[in-house]
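Down below is the structure, laid out as C-alpha cells.
The values are calculated or read from the model by the stated rules, or taken from the named source; none is laboratory data. Worth saying up front: this structure is predicted, and the values here are computed from it rather than measured. Positions of Cβ are backbone-derived with ideal geometry, glycine not excepted, and every protein chain shown enters the neighbour counts.
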C-alpha cells in the first residue's frame, strides 16, 4: 500500500527553493523554472491522491514493516475503530 504521507512533508507547501551560491545563467534559470513547474504538478497530483485515499469509504491502513506499527489510517478506518 502506498503511503504518501511518509514520503512528503506534513506542511505540503513549505519546501524551500534552492538558493544558488553564485549568479546563474539564463539556461540554468530556465531549467529551474521547468523544475518548479514540474514540482507544482507533482504536488497537485500528490494532494489529489492523498485526499482521495483519505476520503475513500473503505478502510485503508498501512504499517511500518519493521516494527509493525500503524503509520496511516484513513477517516473510514478511524470511524470503524
Checklist line | Inter-residue pairs, beta-carbon under 7 Å, first on the phi < 0 side of the Ramachandran plot and surrounded by 10 or more Cβ atoms within 10 Å (Cβ to Cβ) and in the stretch 12-41, second part of a helix (DSSP H, G or I) and modelled with pLDDT of 65 or more, 6+ apart | finding: 12/43; 12/47
Next item on the list: Mind listing whichever residues of the stretch 43-59 are within 17 Å of the chain's Cα centre (by Cα) and either exposed (fewer than 14 other Cβ atoms within 10 Å of the Cβ) or closer than 20 Å to residue 81 by Cα (or both)?
Entry: 44, 45, 48, 49, 51, 52, 53, 54, 55
Margin query: Here is a check on your reading of the model: is residue 23 modelled with pLDDT of 65 or more and within 18 Å of residue 78 (Cα to Cα)?
Written below: no
